[in-house]
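Undergrad: Here it is, the structure, as structure tokens.
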Amino acid sequence: MKIIFNLKLLLIILFTLSCSKKEESVTILEEKSLETQMIEVYNEAMEEFERGDVIYAGKKFGEAELLYPQSIWAPRAVLMSAYGYFKQGYYSNAIRDLERFLVKYKNHPQSDYAYYLLALCHYDQIIDEKKDMKEILLSKKYFELLINDYPNTDYASDSKFKLELILEIMASKEMYLASYYVQREKWIPAINRYKKVINNYDTTIYVEEALHRLVELHYKIGIIDEAEKYANLLGYNYQSSEWYESTYKILNKNYKKNYAINSSQDKKETLLKKFRKLFN
């Protein structure tokens with residue numbers, strides 16, 4: 001009887017130890033499965049991304065981030081999601097991901113890339129100088145940030161190039177508005193717009209025409225001293241340009257006749273040259 005009791009006791013002890021080990025192994029398995037599941041979801045997102053389904057891929061990248069947010073793959077998942085949206089033109093989705101990335105993963109090694117992609121999202125939505133300035137100003141903001149905060153990167157180099165194009169667009173916007181006022185014979189608002197071009201966008205292709213228009217308008221309203229001042233500025237910097245020739249004719253009384261001939265001969269229409277005849 002004693003032997004049977006001891007045998008039962010031994011079996012109970014062995015069963016208890018077995019359950020304890022089983023629980024321990026289950027716990028370890030659960031800890032590993034979280035990372036494994038995250039990797040599986042990330043790989044599934046990559047497969048969908050490569051197939052071109054960026055919407056579904058973006059959702060899966062988001063799941064991967066939520067499953068294991070402390071992993072090094074979590075911020076990468078956000079960037080991949082943003083890039084996928086950007087590539088397919090879903091700019092609002094991409095901007096949402098990038099703005100969240102820059103807040104949640106502040107000082108991440110790939111922050112420069114996130115800012116660059118954010119700048120491109122706004123830059124690619126620029127239509128022309130007549131549209132709303134919001135996207136122009138936002139892209140300008142982020143390109144300038146890259147140039148100042150990440151000066152030694154390829155992103156900064158490309159930002160400088162794109163910033164030059166943005167300044168051209170902004171100058172073009174001012175030229176467009178100035179011509180709008182000229183059409184309505186609102187000379188002072190037009191003059192202020194042309195002055196803005198020569199003060200703020202003096203490296204753009206529009207500065208010569210803006211100087212010429214300032215000569216025209218000041219001459220037209222009888223402020224000859226101001227007209228001569230801008231003519232001298234134009235002559236000093238751009239004496240060989242066609243705009244200087246037109247300006248010279250204004251101040252030498254033969255302007256109307258010669259200017260009309262030149263206008264008929266000039267076949268290259270830029271954005272605002274069609275407004276020349278307003279001054280004939």
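Undergrad: May I ask you to list the residues in the range 205-247 that are assigned to a loop (DSSP other than H, G, I, E, B) and surrounded by fewer than 22 Cβ atoms within 10 Å (Cβ to Cβ)? First the steps, then the outcome.
TA: Residues of the range 205-247 assigned to a loop (DSSP other than H, G, I, E, B): 205-206, 221-223, 239-241.
Answer for the range 205-247, where residues must be assigned to a loop (DSSP other than H, G, I, E, B) and surrounded by fewer than 22 Cβ atoms within 10 Å (Cβ to Cβ): Ile205, Ile221, Gly222, Ile223, Gln239, Ser240, Ser241.
Undergrad: Let me ask something additional. Only residues that are basic (Lys, Arg) and crowded, with 21+ Cβ neighbours inside 10 Å: list them for the range 158-172, please.
TA: None - no residue of the range 158-172 is basic (Lys, Arg) and crowded, with 21+ Cβ neighbours inside 10 Å, so the list stays empty.
Undergrad: Okay, next question. Met80 is checked against (1) out of contact with any helix residue (DSSP H, G or I) (no Cβ under 8 Å at 6 or more places or on another chain); (2) crowded, with 21+ Cβ neighbours inside 10 Å and fails just one. What number does that condition carry?
TA: Only one criterion in (1) out of contact with any helix residue (DSSP H, G or I) (no Cβ under 8 Å at 6 or more places or on another chain); (2) crowded, with 21+ Cβ neighbours inside 10 Å is unmet by Met80, namely (1).
Undergrad: Taking the condition modelled with pLDDT of 95 or more and either in contact with a Lys or Arg (Cβ under 6 Å, 6 or more places away or on another chain) or surrounded by fewer than 20 Cβ atoms within 10 Å (Cβ to Cβ) (or both), does Glu99 pass? Working first, answer last.
TA: Numbers: modelled with pLDDT of 95 or more: yes; either in contact with a Lys or Arg (Cβ under 6 Å, 6 or more places away or on another chain) or surrounded by fewer than 20 Cβ atoms within 10 Å (Cβ to Cβ) (or both): yes.
Spelling it out, Glu99 is indeed modelled with pLDDT of 95 or more and either in contact with a Lys or Arg (Cβ under 6 Å, 6 or more places away or on another chain) or surrounded by fewer than 20 Cβ atoms within 10 Å (Cβ to Cβ) (or both).
Undergrad: Go through the range 81-123 and count every residue that is hydroxyl-bearing (Ser, Thr, Tyr) and either under 13 Å from Ser139 (Cα atoms) or outside any helix (DSSP H, G or I) (or both). Give the derivation first.
TA: Filtering the range 81-123 down to residues hydroxyl-bearing (Ser, Thr, Tyr) leaves 81, 83, 85, 90-92, 105, 111, 113, 115-116, 123.
Going one step further and asking which of them are either under 13 Å from Ser139 (Cα atoms) or outside any helix (DSSP H, G or I) (or both), we end up with 90-91, 105, 115-116, 123.
Final tally of qualifying residues: 6.
Undergrad: Before we move on, is Glu168 modelled with pLDDT under 95, within 20 Å of Ala119 (Cα to Cα) and under 23 Å from the mean Cα position of the chain (by Cα)?
TA: On the way: modelled with pLDDT under 95: yes; within 20 Å of Ala119 (Cα to Cα): yes; under 23 Å from the mean Cα position of the chain (by Cα): yes.
For Glu168, the condition - modelled with pLDDT under 95, within 20 Å of Ala119 (Cα to Cα) and under 23 Å from the mean Cα position of the chain (by Cα) - is met.
Undergrad: Please state which one of Lys60, Lys134, Lys87 is surrounded by 15 or more Cβ atoms within 10 Å (Cβ to Cβ), modelled with pLDDT under 95 and among the charged types (D, E, K, R). Before the answer, list the steps.
TA: On the way: Lys134 fails: surrounded by 15 or more Cβ atoms within 10 Å (Cβ to Cβ); Lys87 fails: surrounded by 15 or more Cβ atoms within 10 Å (Cβ to Cβ).
Of the residues listed, the single one that is surrounded by 15 or more Cβ atoms within 10 Å (Cβ to Cβ), modelled with pLDDT under 95 and among the charged types (D, E, K, R) is Lys60.
Undergrad: Does Lys60 count as without any contact (Cβ under 8 Å) to a residue 24 or more places away in the chain and within 21 Å of Ile169 (Cβ to Cβ)?
TA: On the way: without any contact (Cβ under 8 Å) to a residue 24 or more places away in the chain: yes; within 21 Å of Ile169 (Cβ to Cβ): no.
No; evaluated as a whole, the condition is false for this residue.
Undergrad: Considering each of Tyr194, Tyr255 in turn, give the residue that is surrounded by 15 or more Cβ atoms within 10 Å (Cβ to Cβ), at pLDDT below 90 and either under 25 Å from Leu163 (Cβ atoms) or touching a Lys or Arg at 6+ places or on another chain (Cβ under 9 Å) (or both). Break it down into steps so the answer makes sense when it comes.
TA: Working: Tyr194 fails: at pLDDT below 90.
Of the residues listed, the single one that is surrounded by 15 or more Cβ atoms within 10 Å (Cβ to Cβ), at pLDDT below 90 and either under 25 Å from Leu163 (Cβ atoms) or touching a Lys or Arg at 6+ places or on another chain (Cβ under 9 Å) (or both) is Tyr255.
Undergrad: Name the single residue that is farthest from Thr203 (Cα to Cα) among those in the range 144-165 being outside any helix (DSSP H, G or I) and without any contact (Cβ under 8 Å) to a residue 24 or more places away in the chain. I'd like the intermediate steps shown before the answer.
TA: Start the filter on the range 144-165 by keeping residues that are outside any helix (DSSP H, G or I), which leaves 150-153.
After this cut, where a residue has to be without any contact (Cβ under 8 Å) to a residue 24 or more places away in the chain as well, the list is 151-152.
On the way: Pro151: 21, Asn152: 24 Å.
Restricting to residues being outside any helix (DSSP H, G or I) and without any contact (Cβ under 8 Å) to a residue 24 or more places away in the chain, the top hit is Asn152.
The values are calculated or read from the model by the stated rules, or taken from the named source; none is laboratory data. Predicted model only: the values in this text are computed from it and were never measured. Every residue, glycine as well, gets a Cβ built from its backbone with ideal geometry; the counts of neighbours run over all protein chains shown.
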